[in-house]
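Here is the structure we will look at.
The values are calculated or read from the model by the stated rules, or taken from the named source; none is laboratory data. Remember, predicted model here, so these are calculated numbers, not experimental data. Don't worry about glycine lacking a Cβ; one is built from the backbone with ideal geometry, like all the others, and counts go over all protein chains shown. To get the accessible areas, we keep the full protein, side chains included, count just its heavy atoms, and leave off ligands, DNA and RNA. Shrake-Rupley method; radii C 1.70, N 1.55, O 1.52, S 1.80 Å.
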Amino acid sequence: MKRRSLFLGAVIMLSLSMILAACGGEKKSSGDAKGDSKVKLLTIATGGTGGTYYPLGGMMGKIIKDETGINADVITSGASSENMAILKDNKADIAFTQTDIVSYATKGELMFDGKKIDSLKGLGTLYPETIQIVTTKSDIKSVEDLKGKVVSVGAAGSGTRANAEQILEAYGMSFDDIKVRDLSFDDSTAGIQDGSIDAAFITAGTPTSAVEGLSATDTVSIVPIDADKADALIEKYPFYIKDEVPADTYKIKEAVPTIAVLSMLVVREDLPEAVVYKVTKAIYENTDKIKHSKAQFIKAESALNGMSIDLHPGAKKYFDEKGISQK
């Protein structure tokens, strides 16, 4: 009888050990060094509810959940620049931004003013944010014609302002050659309409609602960026790509050549490789489920165009498998 009791006790202890081990296995983890991840939730930083990033983030979050089983929360923010700080502070795992903004963040330049953020890695680029030099003046046909004119270069500290400065530099000009106004897109087009400014730099997906509103009442022109100047800008600032404002946009008769930065997804570098691989694959292999006008631009084949920072190893693994490399 005593022998039986000892046997039963051993069985009970063994069972308890197995139960405790199983419970320990359910513990959430960010994954081991090999990326064998048990991440249950990802947070995606987007932009304001009225912008493009927020609805895209919601659709991508659903795709991630459906394809990987990982829940994805979407949070609003001040968009590109603010999102870099959100990732740095570990308040999100994935964020929308622009290729130029993340380049400045990793180098501590311009609006980041010496405060480098070293923890950012690329997941993939999405769609063009086109640089549009907008005017209604018949005597402004080239960038050189902006000399002496009143020109809005975007809000102070914005990516648009940096775009304007770099384009003028390519033409041997600077802000000293124009009368600078630091205005939002809406205020820029209002200023063109009331005659208080002559032209405006606007960096946004086309068509841009503020410019569409202006074209409803005035004849809008888009100032072209010459091909040689575009090439020089791309060589110096690899986050740019060649782009155009298509014919019939804002009622213009012919397509106008220009350049663009790209919107993109950035992740924290400490996110496990396995998770980033799954997320990258889920997004770029299910773009048909993104019901948004920008979805037509989101393709795996072009997701490394304009990439301005190093890819996360998980994203690199996916693109390597697809035979896609940066051009």
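Of the candidates THR97, THR76, THR106, the single residue that is open to solvent by 50 Å² or more (accessible area, probe 1.4 Å) and touching a strand residue (DSSP E or B) at 6+ places or on another chain (Cβ under 9 Å) is THR76. Among the residues of region 266-279, are any within 17 Å of the chain's Cα centre (by Cα), at pLDDT 95 or above and assigned to a helix (DSSP H, G or I)? Looking for residues that are within 17 Å of the chain's Cα centre (by Cα), at pLDDT 95 or above and assigned to a helix (DSSP H, G or I), one finds at least one in region 266-279, hence yes. Need a quick list: strands (runs of 3 or more DSSP E) entirely within region 85-169 having at least 3 residues that are touching a residue at least 40 places away in the same chain (Cβ under 8 Å) and either under 25 Å from ASP228 (Cα atoms) or touching a helix residue (DSSP H, G or I) at 6+ places or on another chain (Cβ under 6 Å) (or both). It comes to 94-98, 120-135. Selection within region 201-258: residues that are part of a loop (DSSP other than H, G, I, E, B), aliphatic (A, V, I, L, M) and free of Cβ contacts under 8 Å to residues at least 40 places away in the same chain. The member of this set that is least open to solvent (accessible area, probe 1.4 Å) is ILE252. Which one is nearest to SER158 (Cα to Cα), of the residues in region 70-84 that are outside any helix (DSSP H, G or I) and hydrophobic (A, V, I, L, M, F, W, C)? Filtering region 70-84 for residues that are outside any helix (DSSP H, G or I) and hydrophobic (A, V, I, L, M, F, W, C), the one nearest to SER158 (Cα to Cα) comes out as ALA79. Would you confirm, using the coordinates I've provided, whether ASP176 is open to solvent by 10 Å² or more (accessible area, probe 1.4 Å) and modelled with pLDDT of 95 or more? Spelling it out, ASP176 is indeed open to solvent by 10 Å² or more (accessible area, probe 1.4 Å) and modelled with pLDDT of 95 or more. Scanning region 280-321 for residues that are among the hydrophobic types (A, V, I, L, M, F, W, C), over 16 Å from LEU120 (Cα atoms) and in contact with a strand residue (DSSP E or B) (Cβ under 9 Å, 6 or more places away or on another chain) turns up ILE283, ALA295, PHE297, ILE298, ALA300, ALA303, PHE319. Does GLU67 meet the test of being at pLDDT below 95, assigned to a helix (DSSP H, G or I) and either of a type outside the set (A, V, I, L, M) or under 16 Å from VAL279 (Cβ atoms) (or both)? Answer is no for this residue. Starting from residues that are farther than 13 Å from LEU56 by Cβ, at pLDDT 95 or above and hydrophobic (A, V, I, L, M, F, W, C), keep the ones in region 294-308 and report whichever is farthest from the chain's Cα centre (by Cα). Out of the qualifying residues, it is ALA300.
Within region 268-295, if we keep just the residues that are among the polar types (S, T, N, Q) and either crowded, with 20+ Cβ neighbours inside 10 Å or without any contact (Cβ under 8 Å) to a residue 24 or more places away in the chain (or both), the residue that is farthest from ALA92 (Cα to Cα) turns out to be SER293. Could you list, in sequence order, the residues of region 175-196 that are in a loop (DSSP other than H, G, I, E, B) and closer than 13 Å to GLY148 by Cβ? Matches in region 175-196: ILE178 only. Applying the condition of being surrounded by fewer than 13 Cβ atoms within 10 Å (Cβ to Cβ) and not acidic (Asp, Glu) to region 299-325 and asking which residue is nearest to ASP270 (Cα to Cα) yields SER325.
Inclusion of THR208 among residues that are touching a Phe, Trp or Tyr at 6+ places or on another chain (Cβ under 7 Å) and within 14 Å of THR160 (Cβ to Cβ) is warranted.
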